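One structure is given here, and the rest of the page talks about it.
No lab work stands behind these numbers, since they all come straight from the coordinates. Bear in mind the structure is a predicted one, so any value in this text is a computation, not a measurement. Positions of Cβ are backbone-derived with ideal geometry, glycine not excepted, and every protein chain shown enters the neighbour counts.
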There are 2 protein chains.
Amino acid sequence: MDNNEQQILHSWAVNAKPWTRLVRDKKIESRILITNKAIVEAVVETQPKTFLDIGCGEGWLCYELFSRGFNGWGVDGISDLIESARCMGDVRFVVSSYSDLPSQKFGVINQFSCFICNFSILGEHTLHEIAEAGQSLLESGGKIIIQTLHPVISCGDFPYENGWRKTSWTGIADESFHPAPWYFRTVESWIHDFHLRNYRLLKLLEPYHPITKKPASIIFIFERR
Amino acid sequence: MDNNEQQILHSWAVNAKPWTRLVRDKKIESRILITNKAIVEAVVETQPKTFLDIGCGEGWLCYELFSRGFNGWGVDGISDLIESARCMGDVRFVVSSYSDLPSQKFGVINQFSCFICNFSILGEHTLHEIAEAGQSLLESGGKIIIQTLHPVISCGDFPYENGWRKTSWTGIADESFHPAPWYFRTVESWIHDFHLRNYRLLKLLEPYHPITKKPASIIFIFERR
């Protein structure tokens, strides 16, 4: 794991508690207006028999899917976030790095029909680790549903090419945050990297802001071949 | 054919001669710097046994591919453009609307291994006509290579949703042009519309400007299933 990826984990360990408050108090406008609904709809349309929410954070998406009758697990590298998730009443949450996923136990589930990564592929190698985990933990024909910032929109004034970016955000609402670097990928690269690893793109969605009508995020649905 | 698609054809009939001069005098900077090279590379990498350049215009791309040893034909709805293409010495050019493609003759070729649409899907129905033509004219496993404006960049201040747009361009270099409407599609919609019609995305490319490092166009490579 390189230094940037370590910094991401460190920042999320520091941010776990304020992040949980923000999510539970519904303080992040883009999530409430657009992206939460978009990821739930994408999963519901896929109708997975079992899901693994990778980078599940404080667990809101797992609980939303549990309440709709879907069976699955949440996993996150940050133990404070998993503790917050379990505190809401369900035990189907486990602490794990992405690279250790293949050796984890998920109750009686050996293979999942769907991986979900909702704004949780933040590093350079995390993509490869998740694609690799899918080789053993995803059924053949299983799906990976990824939501992330829309590359063309989030590129800002930087060159439109893959690379590490600094985050300037240090606060949302009245919570303060420890900033973390993140790895920028072009749309071309997201698709190329999964196609290289024996997945193929089934669908690409561009949820947009209901008022500004600009893309707020991008969702890729890949299928394991 | 609706009124907007008729206007496109009318404008290109009017623009055929000045357009041919512009292309042959290499007056369109984005083409010279980026997009010509990008489409040629995409075709060369695909290594088609035979190609059909749909909306070939004055024929530069066909001649470029002929000179590299590829066999194929150019087709365009505007007879003045096909005449300009044939004037350069090769007979493998034919006038046809996109909807009439399946009934055309292309020498001894009955099916192509590749369609190329280089900035030539300008209308709403033209996409469906090309996808439909591929059902008979493309081999199983045949490719469609499409280059077009990058939707997220070309959207400008308009809502990011499909719809007809006016073009304001009335001149390039010292040539004047008859403006034509064009049909804007989101990235989501380009992929969705082909996936619906029994094609699947193999590759998505985002050629970028060498100086500004911003995407200049987008290339989709679909495969007929």
Margin query: What distance in nm separates the two pseudo spin-label positions at B:Val95 and A:Ser97, each 7 Å out from Cα along the beta-carbon direction?
Written below: 6.8 nm
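For the protein assembly as shown, take the alpha-carbon Rg, divide it by the Kirkwood Rh, and send me Rg/Rh.
Working: Rg = 24.5 Å, Rh = 23.9 Å.
Radius of gyration relative to Kirkwood radius: 1.02.
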Note to self: Run the label-point distances for A:Phe158 please: 7 Å along Cα to Cβ, every other copy, nanometres, shortest first.
What the structure shows: 3.0
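Stretch B:Leu9-B:Phe158 to full length: gain in nm at 0.36 nm per residue minus the Cα-Cα span? Please report the intermediate quantities before stating the final value.
Numbers: separation 149, 0.36 × 149 = 53.64 nm, distance 2.44 nm.
That works out to 51.2 nm of additional length.
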Check: Across all directions of projection, what mean area in square nanometres is found for the Cα convex hull of region A:3-224?
Finding: 11.5 nm²
Notebook entry, point to check: For chain A, modelled as a Gaussian network with Cα springs under 10 Å, which listed residue fluctuates most, A:Lys17, A:Lys166, A:Lys213?
Noted result: A:Lys213
Margin query: Assume the label is 7 Å from Cα along Cα to beta carbon: what separations in nm does A:Pro210 have to the matching positions in the other copies?
Written below: 4.7
Next item on the list: Select the chain A residue whose beta carbon lies nearest to the rotation axis carrying chain A onto chain B, and write the distance in whole Å.
Entry: A:Val152, 2
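Cα gyration tensor of region B:41-132, axes a ≥ b ≥ c as square roots of the eigenvalues: rounded (a/c below 1.5), prolate (a/b > b/c) or oblate? Mind showing how you got there, number by number?
On the way: a/c = 1.40, a/b = 1.15, b/c = 1.22.
Taking the square roots of the gyration eigenvalues as a ≥ b ≥ c, region B:41-132 is rounded.
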Next item on the list: Put a label point 7 Å from Cα along the Cβ direction on B:His125, then list its distances to the equivalent points in the other copies in nm, shortest first.
Entry: 5.5
Check: If you count the DSSP beta bridges with both ends in chain B, what percent of them are antiparallel, to the nearest 5?
Finding: 55 percent
Item checked: GNM top mover of B:Thr148, B:Thr126, B:Thr212 - chain B, alpha-carbon springs below 10 Å -> B:Thr212
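Starting with the fewest neighbours, write out B:Glu223, B:Glu58 ranked by other beta-carbon atoms found within 10 Å of each beta-carbon. Could the numbers behind the result be given before it?
Values: B:Glu223 19, B:Glu58 27.
Result, fewest neighbours first: B:Glu223, B:Glu58.
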Next item on the list: Just round it to a whole percent: the fraction of Cα-Cα distances in region B:24-77 exceeding 17 Å.
Entry: 35 percent
Item checked: Helical mean residue ellipticity (222 nm; -39500 (n - 2.57) per DSSP H run of 4+; nearest 500) of chain A -> -10500 deg cm²/dmol
Margin query: Using the Cα centre of the protein assembly as shown as origin and beta-carbon charges of +1 (Lys, Arg) and -1 (Asp, Glu), tell me which of A:Gly156, A:Val23, A:Ser99 is placed farthest towards the positive end of the dipole.
Written below: A:Ser99
Next item on the list: Could you please rank A:Val44, A:Val14, A:Val75, placing first whichever residue has the fewest other Cβ atoms within 10 Å of its Cβ?
Entry: A:Val44, A:Val14, A:Val75
Next item on the list: Take every DSSP beta bridge with both residues inside the protein assembly as shown and express the antiparallel ones as a percent of the total, to the nearest 5.
Entry: 55 percent
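Taking K and R as +1 and D and E as -1, what net charge do the other residues with C-beta under 10 Å from the C-beta of B:Met88 add up to? Write down the numbers at each step before the final one.
Working: positive: B:Arg24, B:Arg86; negative: B:Glu58, B:Asp90.
Summing Lys and Arg as +1 and Asp and Glu as -1 gives 0.
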Note to self: Whole angstrom only: what separates the Cα centroid of region B:147-169 from the Cα centroid of region B:41-88?
What the structure shows: 26 Å
Note to self: Cut-off under 20 Å on the C-alpha distance; same-chain residues fewer than 8 positions from A:Lys26 excluded. Which lysines are left, in chain and number order?
What the structure shows: A:Lys17, A:Lys37
